[in-house]
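The values are calculated or read from the model by the stated rules, or taken from the named source; none is laboratory data. For clarity, every value in this text was computed on a predicted model and none was experimentally measured. Ideal geometry is used to build each Cβ from the backbone, glycine not excepted, and the neighbour counts take in all protein chains shown. These accessible areas exclude ligands, DNA and RNA; they are computed on the full protein's heavy atoms, side chains included. Shrake-Rupley method; radii C 1.70, N 1.55, O 1.52, S 1.80 Å.
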Amino acid sequence: MTTIYQVIQHICLSMENTEEVISHSFPTFKTAGKVFASFSLNHHGDDKVALQLNIGTDMQKMLVDSAPNIFYIPPYTGPKGWVGIELNKGLAWNRVAELTVEAYQRVAPANLARNTKVIELTTPPDEMTPEQINPLKTKKNSAIINRLSSMCTRLPEVSQDSQFGNPCFRAGKKSFCCLYLRDHKPQLQVWVGSDRQPALISFDQRFSIPAYTGHNGWIDLDLSDQQNWQEIEDLLLISYKHFAIKRMINALPLLH
């Protein structure tokens, strides 16, 4: 089985003096200290299997204008002349290799750029399923999201939204819970307050303090093995009441 990532890796590392590093959680390829390509999968929930290339603004415009269903201007790097290629939209792999070589030649030292040739690809990669691209779409995770949605949207003035590509629920304008994957395991993140955190993580290994929001009183609950929905409902209500305004909290008894 050949994956899309393995084909991209093979193309990039076939060029002289190329190294692979991890940048922003994605494989990135550079030569002489300059980045020319990056592979991304479901970046911020965009459902894209993509190769981003440092191709230049003129080439970027030509590609996007010629096939906007395949090529796109990526956020952050687009204004610097990068182009994104959706790799699961039918573009010939030899064309992907040609464009990757052009990106390499754009930043490589002249002596390396001159001698670079497009390699022949004999083994096309296997197509990726929607669940492989975004594991939140598996049957199990979809069921968890649907159950959460049903519980959360019963609360006054709650709406479902997306935050960094992950489903979240807002009390008015403020997010009070979200579901995301950590090490391929679904994590429910809610606010419980710093006073409740120590007891939860001490007596139940399903709980952990998240890296970026934990200091503000948030906690993660691992939902991969079991879901105690009464427990989850209690946690959701604690978090909701923390962020909801008085009008919304006063409306809670109307639900029962």
The chain, accessible area per residue, ligands and nucleic acids excluded (1.4 Å, Å²) | 55
Cysteines without a disulfide-compatible neighbour (Cβ-Cβ under 4.7 Å), the chain | Cys12, Cys152, Cys177
Bin width 5 Å, alpha-carbon pairs only: give the P(r) of region 1-71 as whole percents, running from 0 to the bin holding the largest distance.
-> 3, 15, 22, 24, 21, 13, 2, 0
1/(1 + (r/R0)^6) with r = Cβ-Cβ of Ala143 and His44, R0 = 25 Å, i.e. FRET efficiency to nearest 0.05, evaluates to 0.60
At the level of C-alpha centres, the distance separating region 142-194 and region 1-74, in angstrom, is 31
At q = 0.14 Å⁻¹, what is the base-10 log of I(q)/I(0) for region 131-211 according to the Debye formula with one equal point scatterer per Cα and no solvent? Please give it to two decimals.
-> -0.53
If you keep only loop residues by DSSP, which chymotrypsin sites (Phe, Trp or Tyr not before Pro) in region 107-192 have at most 15 other Cβ atoms within 10 Å of their Cβ?
-> Phe164
Which whole number in µm²/s is D for region 62-205 by Stokes-Einstein, with the Kirkwood Rh taken over Cα pairs at 37 °C and 0.692 mPa s?
-> 167
In Å, the Kirkwood hydrodynamic radius from C-alpha pairs for the chain sits at 21.0
Calculate for the chain the 222 nm mean residue ellipticity that helices alone would give, adding -39,500 (n - 2.57) per DSSP H run of length 4 or more and normalising by residue count, nearest 500 deg cm²/dmol.
-> -9500 deg cm²/dmol
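Rounded to the nearest 0.05, what FRET efficiency is calculated for Asn250 and Trp229 with R0 set to 30 Å and r the Cβ-Cβ distance? It would help to have the intermediate numbers written out before the result.
Numbers: r = 25 Å, r/R0 = 0.84.
Efficiency computed from Cβ-Cβ geometry: 0.75.
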Under 17 Å from Lys80, Cα to Cα: lysines that are on another chain or at least 8 residues apart = Lys30, Lys34, Lys61
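Please list, by residue number, every one of the GluC sites (Glu not before Pro) in region 100-138 that is coil in DSSP and has at most 13 other beta-carbon atoms within 10 Å. Please report the intermediate quantities before stating the final value.
Working: sites: Glu102, Glu120, Glu127, Glu131; in loops: Glu120, Glu127.
Passing sites in region 100-138 are Glu120, Glu127.
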Using only the Cα atoms of region 63-146, each taken as one equal point scatterer with no solvent, compute I(q) by the Debye sum, divide by I(0), and report log10 of the ratio at q = 0.11, 0.15, 0.21 Å⁻¹.
-> -0.47, -0.77, -1.10
Largest first and to the nearest Å, give the Cα extent of region 97-148 along each principal axis.
-> 59, 25, 11
By a straight-distance test (C-alpha under 13 Å), which aspartates and glutamates pair with Lys48 as possible cross-link partners, with residues fewer than eight away in the same chain excluded?
-> Glu86, Glu127, Glu131
Can you pull the percent of the chain's accessible area that's carbon plus sulfur, 1.4 Å probe, other chains left in place?
-> 52
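Where in the chain is the longest stretch that carries no trypsin sites (Lys or Arg not before Pro) classed as loop by DSSP and with at most 14 other Cβ atoms within 10 Å?
Details: sites that count: Lys89, Lys117, Arg154, Lys173.
Answer from the scan: 1-88.
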